[in-house]
Amino acid sequence: MLQISNLSKTYPNGVQALKNVSLNIGNGMFGLLGPNGAGKSSLMRTIATLQDADSGSIMFGDIDVMKNKEELRKTLGYLPQEFGVYPNVSAEEMLQYIARLKGISNGGERDALVKALLEQVNLYQHRKKYLAGYSGGMKQRFGIAQALIGNPKLIIVDEPTAGLDPAERLRFNNLLSEIGENIVIILSTHIVDDVSELCNDMAIIAGGEVRQQGHPDALMDTLRDKIWTKRVRKDEVAEYQAKYKVILSKLSSGQVMVYVNSDVDPGNGFAPQKPTLEDIYFSNIA
């Protein structure tokens, strides 16, 4: 169990990135959903011991992360949002190097581990290829391979599918699902579909604060009978935004579909809509 309690962080420029963030995260895939600038990366970097918080605590099992950073690092796998690679090194060579850094000194053991990891992320056939020639999705899968070295119990992946084409995104998400059953994996993203497809637990963060946490289905149930939609003209949108609690508007066939959060039927031609995770997301960041 990862327990985060009252975590706060303000940068020297005065930006308060985290405001009393508290989360309890168990085994499996946990989705951290929020817009760009919400504080997701700040939280991930703090958990990964890459920066200090101003206040609060983080416990992973019996490890006090603030006081025993090295202990946490021994059991951590991390794939940051900006994952750089050495361009003129093959995937096999790079994994060998990282494995040595993580203390795997036995050559035979290291060879077997690297082979198994490359097969697991479906890159074994490309093991001799320079990383510079990898596609975005291949680099992300390589990033997971390096994060898995050392048999981590906590894996953090920060915006892993941003910029991937649909096929690569599907491959990457399938890979996360396979490895995420018996360890804690935190998936930080602004892509709602990634969370709805992968995670049994999630939180929405915006403005450095946790707005909601729970199972996606349970969160959607909180909006049951509260989402209403209507198709309007583009020049009417501002009028509806002024009159109703509009959480989302989507262009559709030359008109705009307006989504309203209301405890009662707003009338005026609105129709009830079954809530989605997207509705939860926009209700919390609107």
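The values are calculated or read from the model by the stated rules, or taken from the named source; none is laboratory data. Since the model is a prediction, treat every value here as computed from it, not as a measurement. Neighbour counts run over all protein chains shown; Cβ positions are idealised from the backbone, glycine included. Side chains included, ligands, DNA and RNA excluded: accessible areas come from the protein's heavy atoms. Shrake-Rupley method; radii C 1.70, N 1.55, O 1.52, S 1.80 Å.
With respect to the conditions (1) in the same structural domain as residue 162 (by the TED database); (2) modelled with pLDDT of 95 or more, residue 197 lacks only one, and its number is (2).
Selection of first residues in the stretch 211-237 that are without any contact (Cβ under 8 Å) to a residue 24 or more places away in the chain and of second residues that are open to solvent by less than 30 Å² (accessible area, probe 1.4 Å), restricted to Cβ pairs under 6 Å at least 6 apart or on distinct chains, gives the following pairs, ordered by first then second residue: 234/256; 237/256.
For the stretch 86-104, indicate whether the set of residues that are under 22 Å from the mean Cα position of the chain (by Cα) and either assigned to a loop (DSSP other than H, G, I, E, B) or surrounded by 13 or more Cβ atoms within 10 Å (Cβ to Cβ) (or both) is non-empty. No, the stretch 86-104 has no match at all. Checked against the criteria, residue 36 does not count as at pLDDT 90 or above, surrounded by fewer than 16 Cβ atoms within 10 Å (Cβ to Cβ) and not in a helix (DSSP H, G or I).
Out of curiosity, is residue 19 modelled with pLDDT of 95 or more and surrounded by 21 or more Cβ atoms within 10 Å (Cβ to Cβ)?
no
In a residue-by-residue description of the stretch 40-50, the property of being surrounded by fewer than 23 Cβ atoms within 10 Å (Cβ to Cβ), out of contact with any strand residue (DSSP E or B) (no Cβ under 6 Å at 6 or more places or on another chain) and over 29 Å from residue 283 (Cα atoms) applies to at least one position. Inclusion of residue 151 among residues that are of a type outside the set (Ser, Thr, Tyr), open to solvent by 40 Å² or more (accessible area, probe 1.4 Å) and more than 21 Å from the chain's Cα centre (by Cα) is not warranted.
Are any of the residues in the stretch 107-121 assigned to a loop (DSSP other than H, G, I, E, B), open to solvent by 40 Å² or more (accessible area, probe 1.4 Å) and of a type in the set (S, T, N, Q)?
Looking only at the stretch 107-121, we keep the residues that are assigned to a loop (DSSP other than H, G, I, E, B), and these are 121.
Retained after the next criterion (residues that are open to solvent by 40 Å² or more (accessible area, probe 1.4 Å)): none.
No, that holds for no residue.
Do we find a residue being aliphatic (A, V, I, L, M), farther than 27 Å from residue 74 by Cβ and more than 13 Å from the chain's Cα centre (by Cα) anywhere in the stretch 199-215? Taking every residue of the stretch 199-215 in turn, at least one turns out to be aliphatic (A, V, I, L, M), farther than 27 Å from residue 74 by Cβ and more than 13 Å from the chain's Cα centre (by Cα).
Would you mind stating whether residue 58 is over 22 Å from the mean Cα position of the chain (by Cα) and either in the same structural domain as residue 157 (by the TED database) or farther than 19 Å from residue 148 by Cα (or both)? So residue 58 does not fit the description; no. In this structure, is residue 14 in a strand (DSSP E or B) and assigned by the TED database to the domain that holds residue 205? Taking the combined requirement at face value, the residue does not satisfy it.
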